[in-house]
Amino acid sequence: MKYKDYYRILGVDRGADEDAIKTAYRKLARKYHPDVSKEKDAEARFKDVAEAWATLKDAEKRKAYDQLGRYAEGEEIRPPPDWGQQFGAGRPGAGGAGAFEDIDLSDLFAAFGGGRPRGGRAAGNAPRPGGDYEAAVQISFDQAFKGAELELDFGVVEYDEEGTPHRVSHPVKIRIPRGVTDGQTLRVPGKGGKGVRGGRDGDLFLTISVRPHPVFRADGQDLYVDLPLAPWEAVLGTSVQLPTPAGAVMLKVPPGTRAGQQMRLTGRGVARDGGKAGNLYAIVQIVVPTTATDRERELYKQLAEFSTFNPRAQLEQEAARAH
Amino acid sequence: MPTETAEALDDGRALTLAELAELSGLPESVVRELVDYGAFTPAEVQGATWTFSSHCVVIARRAHHLRDDFDLDSHAVAVLLGFVERIERLEAELRNLRAQVPGFR
């Protein structure tokens with residue numbers, strides 16, 4: 001079990017009073033809580049802060065934590081033999097050799113004084129539901145588009161007959177339905193902690209993040225793709241091959257197509273089972289050659305001399321009206 | 001190992017108050033308070049029976065975290081949820097605009 005310096009995490013002295021600890025926690029929770037923070041690594045930072053707070057806010061847990069002694073951050077520790085009994089810590093100290101090797105400090109204090117997390121042993125004979133598990137999962141754009149099967153393994157804490165916490169593997173194979181979008185939450189019923197005495201099993205909640213695609217930009221179920229056109233293609237119209245997530249299609253570009261114009265391909269966005277598919281929008285960009293051959297320059301000059309088109313006509317009108 | 005199917009929480013499925021409370025981990029009384037304070041709205045009200053859309057699970061679970069982690073009462077949670085929702089709406093607008101910017105990554 002690795003040591004974590006809860007005082008350092010909260011940025012307080014070891015002698016800090018309850019109010020100082022609470023203030024420090026609130027300040028850091030405000031900064032790192034994943035629901036209100038956009039800080040990098042907010043979730044991991046908040047986990048540490050919440051863990052420190054859960055222990056130091058409770059006078060008995062804090063005393064027990066202090067009794068563990070002072071170590072370097074991450075140093076391997078083992079509580080003294082009488083430590084658990086001394087503090088009535090749900091007998092976590094009663095385990096034999098190796099009893100603390102597979103758990104974190106947070107697991108130890110979660111078990112402390114009967115304060116097991118949901119999913120632990122129930123008090124009395126009442127049924128107790130299993131705890132919900134939450135996890136963040138990152139998938140590729142293709143996995144989100146087509147659906148995917150993922151194998152996840154959560155390390156969860158379970159208690160043996162002696163009440164000693166152990167971290168055990170909790171592998172789950174999950175079918176992610178097609179059409180999930182970035183930030184969406186999915187529920188896997190019954191795959192959280194085990195219920196006790198007939199209590200229902202907890203659920204697994206997955207928050208999905210979708211890695212950006214190099215070609216398609218997603219906005220929910222709608223997708224956007226850039227469509228570069230040469231000036232003459234935009235003026236004369238053309239047919240071009242356009243990539244879509246389901247494979248390339250031929251797109252007819254009408255004559256007189258403007259830069260910035262969006263061409264909608266209905267239903268070519270992200271589809272969901274039993275739901276309406278999003279659209280794919282091709283955004284026209286008029287791309288000009290950065291270098292031109294002599295012949296090309298000659299043709300452009302001829303066009304410039306011949307054409308009556310004024311691309312700034314609207315701007316000139318608006319500017320005149322503004323004066 | 002059997003394959004479990006993950007279900008989206010915006011699939012239009014209707015939930016009772018008791019189901020919403022169970023899935024969010026909030027007591028029913030707190031869910032009622034959050035409805036009273038406008039944190040979310042039942043999709044259907046028939047007398048004393050409320051029905052919620054499954055998306056409310058996401059909001060109610062967030063309410064649960066905020067309530068516990070910041071030690072807030074239901075009114076404060078409702079206010080905070082309003083701000084979070086506003087931020088999410090603005091982020092969605094930003095995402096939509098960015099998606100339309102050629103070459104934006």
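Read the figures in this text as sums done on the coordinates, not as results from a lab. Everything numeric in this text was worked out from a predicted model, so none of it was measured. Heads up, the Cβs are rebuilt from the backbone with ideal geometry, glycines too, and the neighbour counts pull from every protein chain shown.
Averaged across B:96-103, how many Cβ atoms of other chains sit within 10 Å of each residue's Cβ atom?
On the way: counts 5, 1, 3, 11, 8, 4, 11, 5.
Going residue by residue through B:96-103 and averaging, the value is 6.
Answer with one residue from A:299, A:239, B:63: the one whose Cα lies farthest towards the positive end of the charge dipole of the protein assembly as shown, charges on Cβ with Lys, Arg +1 and Asp, Glu -1.
A:299
Given charges of +1 on the Cβ of Lys and Arg and -1 on the Cβ of Asp and Glu, with all other atoms neutral, how large is the dipole of the range A:142-284 about its Cα centre, in debye to the nearest 20?
Numbers: 18 positive and 16 negative charges, 135 e Å.
Charge dipole of the range A:142-284: 640 debye, to the nearest 20.
In nm, to one decimal, how far is the modelled label at residue A:135 from the one at residue A:158, with both set 7 Å along Cα→Cβ?
Here the answer is 1.6 nm between the modelled labels.
Which residue, B:41, B:16, B:49, tops the fluctuation ranking in a GNM of chain B built on C-alpha contacts under 10 Å?
Fluctuation is largest for B:49.
Along the charge dipole of the protein assembly as shown, which of A:16, A:227, A:46 sits closest to the positive end, that is, farthest toward it, with unit charges on the beta carbon of Lys, Arg, Asp and Glu (+1, +1, -1, -1)?
The listed residue farthest towards the positive side: A:227.
Measure off 7 Å from each Cα along the Cα-to-Cβ vector at residue A:197 and residue B:75, then give the distance between these two points in nanometres to one decimal.
Modelled inter-label distance: 3.8 nm.
Taking only Cα atoms and a 10 Å spring cutoff, compute GNM fluctuations for chain A and point out the largest among A:183, A:274, A:195.
A:274
Between residue A:175 and residue A:125, take the C-beta separation as r, use R0 = 41 Å, and let me know the FRET efficiency to the nearest 0.05. Show your work: numbers first, answer last.
Numbers: r = 37 Å, r/R0 = 0.89.
Rounded to the nearest 0.05, the efficiency is 0.65.
Within 10 Å of each candidate Cβ there may be at most 16 other Cβ atoms; applying that plus a DSSP loop requirement, which trypsin sites (Lys or Arg not before Pro) in the range A:220-295 survive?
Numbers: sites: A:252, A:258, A:264, A:268, A:272, A:276, A:295; in loops: A:258, A:268, A:272, A:276.
Of the trypsin sites (Lys or Arg not before Pro), the ones in loops of the range A:220-295 whose Cβ has at most 16 other Cβ atoms within 10 Å are A:258, A:276.
I'd like the trypsin sites (Lys or Arg not before Pro) in the range A:161-212 restricted to DSSP loop residues with at most 12 other Cβ atoms within 10 Å, sorted by number.
The qualifying sites are A:197.
Nothing charged except the Cβ atoms of Lys and Arg (+1) and of Asp and Glu (-1): what's the magnitude of the dipole of chain B about its Cα centre? Round to the nearest 20 debye. Don't jump to the answer; show the numbers that get you there.
Details: 10 positive and 18 negative charges, 108 e Å.
In debye, rounded to 20, chain B gives about 520.
Cross-link candidates for residue A:252: which aspartates and glutamates have Cα within less than 12 Å, leaving aside residues fewer than 8 places away along the same chain?
A:233
In debye, nearest 20, what is the charge dipole magnitude of the protein assembly as shown about its Cα centre with +1 on Lys and Arg Cβ and -1 on Asp and Glu Cβ, if you could check?
Numbers: 57 positive and 64 negative charges, 188 e Å.
It works out to roughly 900 debye.
Is the shape of the range A:195-298 best called rounded, prolate or oblate, per the rule: a/c under 1.5 gives rounded, else a/b larger than b/c gives prolate, else oblate, with a ≥ b ≥ c the square roots of the Cα gyration tensor eigenvalues?
Working: a/c = 4.79, a/b = 3.00, b/c = 1.60.
Taking the square roots of the gyration eigenvalues as a ≥ b ≥ c, the range A:195-298 is prolate.
If r is the Cβ-Cβ distance from residue A:19 to residue B:3 and R0 is 56 Å, what FRET efficiency results, to the nearest 0.05? Before the final figure, lay out the partial values.
Values: r = 51 Å, r/R0 = 0.90.
For R0 = 56 Å, the calculated efficiency reads 0.65.
Which of the three applies to the protein assembly as shown, rounded, prolate or oblate, going by the alpha-carbon gyration tensor with a ≥ b ≥ c and a/c under 1.5 meaning rounded? Please list the in-between numbers first.
Numbers: a/c = 2.40, a/b = 2.18, b/c = 1.10.
Here the protein assembly as shown falls in the prolate category.
Using a Gaussian network model of chain A with C-alpha springs under 10 Å, which one of A:289, A:34, A:255 is most mobile by mean-square fluctuation?
With Cα springs under 10 Å in chain A, the top fluctuation among A:289, A:34, A:255 is at A:289.
Calculated FRET efficiency, residue B:87 and residue A:302, Cβ-Cβ r, R0 51 Å, to nearest 0.05?
So the FRET efficiency works out to roughly 0.40.
For the range A:252-323, which chymotrypsin sites (Phe, Trp or Tyr not before Pro) pass both filters: DSSP loop (anything but H, G, I, E, B) and at most 15 other C-beta atoms within 10 Å? Provide the component values of the computation, followed by the final result.
On the way: sites: A:281, A:300, A:306, A:309; in loops: A:309.
Those satisfying the criteria are A:309.
Full-extension gain between residue A:293 and residue A:252, please, as 0.36 nm times their residue separation minus the C-alpha to C-alpha distance. Mind dumping the intermediate values first?
Values: separation 41, 0.36 × 41 = 14.76 nm, distance 2.83 nm.
Going from the current span to full extension adds 11.9 nm.
Of A:22/A:61; A:38/A:276; A:4/A:61; A:63/A:194, which ones are farther than 20 Å apart at the Cα? Kindly include the intermediate steps, with their values, before the conclusion.
Details: A:22/A:61 15 Å; A:38/A:276 32 Å; A:4/A:61 14 Å; A:63/A:194 31 Å.
Violating the 20 Å limit, Cα to Cα: A:38/A:276; A:63/A:194.
To the nearest µm²/s, what D does Stokes-Einstein give for chain B at 4 °C and 1.567 mPa s, using the Kirkwood radius over alpha carbon pairs as Rh?
Details: Rh = 15.3 Å.
Approximately 85 µm²/s, per Stokes-Einstein.
In the protein assembly as shown, if the dipole is taken from +1 on Lys/Arg beta carbons and -1 on Asp/Glu beta carbons about the Cα centre, which of A:83, A:285, B:20 is farthest to the positive end?
Projecting each Cα onto the dipole axis, the largest value belongs to A:285.
Shape call for the range B:28-87 from the C-alpha gyration tensor, a ≥ b ≥ c root eigenvalues: rounded (a/c under 1.5), prolate (a/b greater than b/c) or oblate? List each step's numbers first, then the result.
Details: a/c = 1.97, a/b = 1.61, b/c = 1.23.
It is prolate, given that a/c is not under 1.5 and a/b is the larger ratio.
Taking the alpha-carbon distance from residue A:146 and a cut-off under 19 Å, which aspartates and glutamates remain once sequence neighbours fewer than 8 residues away in the same chain are dropped?
The reachable aspartates and glutamates, counting only those whose Cα sits under 19 Å from residue A:146, are A:182, A:219, A:222, A:273, B:4, B:7, B:10, B:11.
Let me have the relative contact order for chain B, percent, based on Cα pairs under 8 Å that are six or more residues apart. Numbers along the way, then the final one.
Numbers: 97 pairs, mean separation 28.7, N = 105.
For chain B, the relative contact order is 27 percent.
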